[in-house]
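The values are calculated or read from the model by the stated rules, or taken from the named source; none is laboratory data. Note that the coordinates shown come from a computational prediction; the quantities given were computed from them, not determined experimentally. Note: ideal-geometry Cβ built from the backbone for every residue, glycine included; neighbour counts use all protein chains shown.
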Amino acid sequence: MNPVHDEDIDALLRQSFDGPAPDAGFSDRVMQHVRSRRRVSSWPLVACVFAGVLMCWLSLSGSPLWRAAWQGWFAGVWSASTFVTLAAMAALSLLALGWTLAEADDH
Amino acid sequence: MTCVADSAAEARIDQALVARALLGNDRRAFEQLVRRHQGMVRAQLCRLLHGDAAAADDLAQETFLLAWRKLDQFRSEARFSTWLYRIAYACFLQMCRTKSWAARNAQDDDAMEELPMPAPAMDLRMDLTRAMQHLSTGEQTVLLHCVQLGLSHEEAAYVLSMPLGTVKTHATRGKAKLKTWLSAWQNAAGEEHVQ
């Protein structure tokens, strides 16, 4: 009675594997569905970023907190409104970064 | 040594074909890549799908179409074949998330649980196949990639998106279980032979 070794298991597993499947027209079927790739243009992304920034600016420009934050920022004073606004911007940036990294990992 | 050199040469050919496919949007270069790798990708998927060749072909087609669309994301950090296995495995997982296939697969698993363990009188190859089906899904998947498809532990970890330690654990445990079952088979077969 010989003990079964790792090499025996490997050899048996390899023997039980049928190997590559024969083509049998598979590649031709795949190539029928392959279409030429379109060049991805970057202008929609840039345009959307600008539109987003503009919309944010328009919606926040009437806010007293926003105005106070900018006034404090330009005057070099770290008021509560300046701090809150910057903290919110930093938090949103981190969220966007996390989302981008998660999406990149998924792809 | 020759095997390593062959593997490096194959990898260089794949890289050249990828570069041609990307730079000139060359469908013929991609067709060569499909012809070179379809056999192993379909074999991988067929094993993952418990021998369902039609479903494996559908997933393999999806894999190659995805590879064509995402070819610019191939960074040559891994071999092209390993990159394809990773896409194929991701497609397989996506398919498992759909209700119909998962339900059917669960029924198959239940039926498999009811099967007796390898009987000594049966052919060793059939017993090995049956013993494999008694391993956990992780162990089966790791042994398929590491032993049958010939990937290193690191490559298997990349394909399966699994920590390297987990891959090694699954491989060791899977082989240990198979060794135990096949030793029992060998004992029983030996006794039968003596009688």
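So A:Ser42 ticks every box in (1) surrounded by fewer than 10 Cβ atoms within 10 Å (Cβ to Cβ); (2) among the hydroxyl-bearing types (Ser, Thr, Tyr); (3) more than 30 Å from B:Arg75 (Cβ to Cβ) but one. Which box is left unticked? Going through (1) surrounded by fewer than 10 Cβ atoms within 10 Å (Cβ to Cβ); (2) among the hydroxyl-bearing types (Ser, Thr, Tyr); (3) more than 30 Å from B:Arg75 (Cβ to Cβ) one by one, A:Ser42 breaks only (3). When segment B:53-70 is filtered for residues that are of a type outside the set (Gly, Ala, Ser) and surrounded by 18 or more Cβ atoms within 10 Å (Cβ to Cβ), the ones remaining, listed by number, are B:Asp57, B:Leu59, B:Gln61, B:Glu62, B:Thr63, B:Phe64, B:Trp68.
This table checks each residue for (1) surrounded by fewer than 16 Cβ atoms within 10 Å (Cβ to Cβ); (2) at pLDDT 85 or above.
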{"residue": "B:Lys179", "(1), (2)": "no, yes"}
{"residue": "B:Trp185", "(1), (2)": "no, no"}
{"residue": "B:Ala188", "(1), (2)": "yes, no"}
{"residue": "B:Glu191", "(1), (2)": "yes, no"}
{"residue": "B:Val194", "(1), (2)": "yes, no"}
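Run down A:Leu65, A:Leu86, A:Leu95 and say which single residue is more than 24 Å from A:Leu45 (Cα to Cα) and within 25 Å of the chain's Cα centre (by Cα). Talk me through it step by step, then tell me what you get.
Working: A:Leu65 fails: within 25 Å of the chain's Cα centre (by Cα); A:Leu95 fails: more than 24 Å from A:Leu45 (Cα to Cα).
Of the residues listed, the single one that is more than 24 Å from A:Leu45 (Cα to Cα) and within 25 Å of the chain's Cα centre (by Cα) is A:Leu86.
The set of residues in segment B:134-160 being without any contact (Cβ under 8 Å) to a residue 40 or more places away in the chain and within 13 Å of chain A (Cβ to nearest Cβ) consists of B:Glu139, B:Gln140, B:Val142, B:Leu143, B:Cys146, B:Val147, B:Gly150.
In segment B:59-96, the residue that is nearest to A:Phe26 (Cα to Cα) out of those that are more than 16 Å from the chain's Cα centre (by Cα) and not in a helix (DSSP H, G or I) is B:Lys70. In segment B:5-50, how many residues are surrounded by fewer than 17 Cβ atoms within 10 Å (Cβ to Cβ) and among the small types (Gly, Ala, Ser)? Residues that pass the stated criteria total 8.
Could you grab me the full set of residues in segment A:9-28 that are touching a Cys at 6+ places or on another chain (Cβ under 9 Å) and modelled with pLDDT of 90 or more? Answer for segment A:9-28, where residues must be touching a Cys at 6+ places or on another chain (Cβ under 9 Å) and modelled with pLDDT of 90 or more: just A:Ala21.
In contact with a His (Cβ under 9 Å, 6 or more places away or on another chain) and away from chain A (no Cβ under 14 Å), is that true of B:Asp14? Don't jump to the end; show me each part of the working.
On the way: in contact with a His (Cβ under 9 Å, 6 or more places away or on another chain): yes; away from chain A (no Cβ under 14 Å): yes.
Yes: the conditions hold for B:Asp14.
The residues on offer are B:Gln32, B:Gln38, and the sole one that is under 18 Å from the mean Cα position of the chain (by Cα) and either without any contact (Cβ under 8 Å) to a residue 60 or more places away in the chain or within 11 Å of chain A (Cβ to nearest Cβ) (or both) is B:Gln38.
Restricting A:Leu95, A:Leu58 to those that are surrounded by fewer than 10 Cβ atoms within 10 Å (Cβ to Cβ), among the aliphatic types (A, V, I, L, M) and away from every other protein chain (no Cβ under 14 Å) reduces the list to A:Leu58.
The number of residues in segment B:141-157 that are more than 18 Å from A:Ala11 (Cβ to Cβ) and touching a helix residue (DSSP H, G or I) at 6+ places or on another chain (Cβ under 6 Å) comes to 4.
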